[in-house]
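Bear in mind that the values in this text are calculations on the coordinates, not laboratory data. Note that the coordinates shown come from a computational prediction; the quantities given were computed from them, not determined experimentally. Cβ placement follows ideal geometry from the backbone for every residue including glycine, while neighbour counts extend to all protein chains displayed.
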């Protein structure tokens, strides 16, 4: 269990003589603990801490997250600035607090959704920024092959009961039989979508949640962003009129792709395969949450709703492959 008093003491070492307090948990990310805090008199920070008692490796390696933020500083890709790192157990780092709204136009529910025009501007900004991200020289890490990425999600799906994601095995077989030739590796965020960005109005302040970044095929991030122009999964049975209206501002796939290409992104070969792969990845990720949710005494109704959408997610993956022929 995390000792919050000890955490505050470690943070004070970054700012000797200053009072650090106001610690409170923040949502976001599933592999590390995230907190907001205040450095007196008026500096707001965010703290990422590896989960106590678990080895800080892979997506729990918070110092690796700090590494990519440092790499991207000053490149034109907006990210929080790293303020301090501590490798003691559990490892942690502090970064700037970036105010703004994170909102996925076709999926989220909020009391203050953006206008359709604002959604359009945000999506195009995300596409342009992705092109810039992929132009940043990646760190010296071994690229993850597409086969390994596909196998990762297949292993997850192998742990869930039959019927949670109907048809996933057939979709995997089609994907596995037609893996495209890899592209020049770039930095890959791993969950590149509007919900993992902070906007003030139309202005993109920061890309957040770098827990699963890697070096790999740039088309995986591009297809993930494009897939969210037409997501088949859902977490809410009903969305209010203002949220539905906001979703109408999400550009169609061709327009969003053009925004990426106009900003210097490379024409993506085999885009249909990558879109299908993203629907498959979505099915795998949600299926695991659904499996865990079914074991709870009080299941989360949002995940019950998500479970009912998984057949459509898998089917949309098949459609993406069919349309790419």
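Can you run the Rg to Rh ratio on the range 258-316? Use alpha carbon positions and the Kirkwood inverse-distance Rh.
1.20
Taking 8 Å as the Cα distance limit and 6 or more residues as the minimum spacing, I'd like the relative contact order of the range 4-96 as a percentage.
In percent, rounded to a whole number, it is 23.
Using only alpha carbon pairs under 8 Å that are at least six residues apart, calculate the relative contact order of the range 260-325 and give it in whole percent.
49 percent
What's the angle, to the nearest 10 degrees (0 to 90), between helix 116-133's Cα axis and the longest principal axis of the chain?
Taking the Cα atoms of the chain, the angle to 116-133 is about 80 degrees.
Given a Förster distance of 41 angstrom, what is the FRET efficiency for residue 324 paired with residue 298, based on the Cβ-Cβ distance and rounded to 0.05? Don't skip to the answer; put the middle values down first.
Details: r = 42 Å, r/R0 = 1.02.
Efficiency computed from Cβ-Cβ geometry: 0.45.
What distance in nm separates the two pseudo spin-label positions at residue 140 and residue 44, each 7 Å out from Cα along the beta-carbon direction?
For residue 140 paired with residue 44, the spin-label model returns 3.9 nm.
Of the peptides 270-277, 61-68, how do they stack up when ordered by the mean number of other Cβ atoms within 10 Å, highest first?
Details: 270-277: 22.8, 61-68: 20.4.
Top to bottom by mean Cβ count within 10 Å: 270-277, 61-68.
Let me know the Kirkwood hydrodynamic radius for the range 6-162, please, with Cα pairs as the basis and the value in Å to one decimal.
18.4 Å
Using alpha carbon coordinates only, what is the Rg to Rh ratio of the range 4-96, with Rh defined as the Kirkwood radius?
Details: Rg = 12.8 Å, Rh = 13.5 Å.
Result for the range 4-96 is an Rg/Rh of 0.95.
Please list, by residue number, everything in the range 191-227 whose backbone N is under 13 Å from a paramagnetic label point 7 Å out along Cα→Cβ of residue 99.
199-201
Given points 7 Å out from each Cα along the Cα-Cβ axis, report the residue 148 to residue 248 separation in nanometres with one decimal.
Label-label distance for residue 148 and residue 248, simple model: 4.6 nm.
Counting alpha carbon pairs within less than 8 Å and at least 6 residues apart, what relative contact order, in whole percent, applies to the chain?
Computed over the chain, the figure is 20 percent.
Efficiency by 1/(1 + (r/R0)^6): what FRET value for residue 19 and residue 169, r their Cβ-Cβ distance, R0 = 45 Å, to the nearest 0.05?
With R0 = 45 Å, the Cβ-Cβ based efficiency is 0.20.
Stretch residue 54-residue 73 to full length: gain in nm at 0.36 nm per residue minus the Cα-Cα span? Show your work: numbers first, answer last.
Values: separation 19, 0.36 × 19 = 6.84 nm, distance 2.91 nm.
Stretched out fully, the residue 54 to residue 73 stretch lengthens by 3.9 nm.
Given a Förster radius of 45 Å and the C-beta distance between residue 215 and residue 112 as r, what FRET efficiency does 1/(1 + (r/R0)^6) yield to the nearest 0.05? Let's see the in-between values first.
Details: r = 37 Å, r/R0 = 0.82.
Rounded to the nearest 0.05, the efficiency is 0.75.
Any idea what angle helix 146-157 forms with the longest principal axis of the chain, computed on alpha-carbon atoms, 0 to 90 degrees, nearest 10?
Its long axis makes an angle of about 90 degrees.
Using only alpha-carbon positions, what ratio does the radius of gyration of the chain give when scaled by 2.2 N^0.38 Å?
1.01
Measure of size requested: the Rg and Dmax of the range 203-325, with Cα atoms as the atom set and Å as the unit; please supply both.
Using the Cα atoms of the range 203-325, the pair Rg, Dmax is 16.1, 50 Å.
Rounding to the nearest 10 and keeping the result within 0 to 90°, find how far the Cα-based axis of helix 218-227 lies from the longest principal axis of the chain.
80 degrees
Please say if the range 131-279 is rounded, prolate or oblate, where rounded means a/c under 1.5 for a ≥ b ≥ c the square roots of the C-alpha gyration tensor eigenvalues, and otherwise the choice is prolate for a/b larger than b/c and oblate otherwise?
In terms of gyration-tensor shape, oblate.
Taking only DSSP H segments of four or more residues, each worth -39500 (n - 2.57), what value at 222 nm results for the chain once the sum is divided by all its residues, to the nearest 500 deg cm²/dmol?
Roughly -13000 deg cm²/dmol at 222 nm, from the helical runs in the chain.
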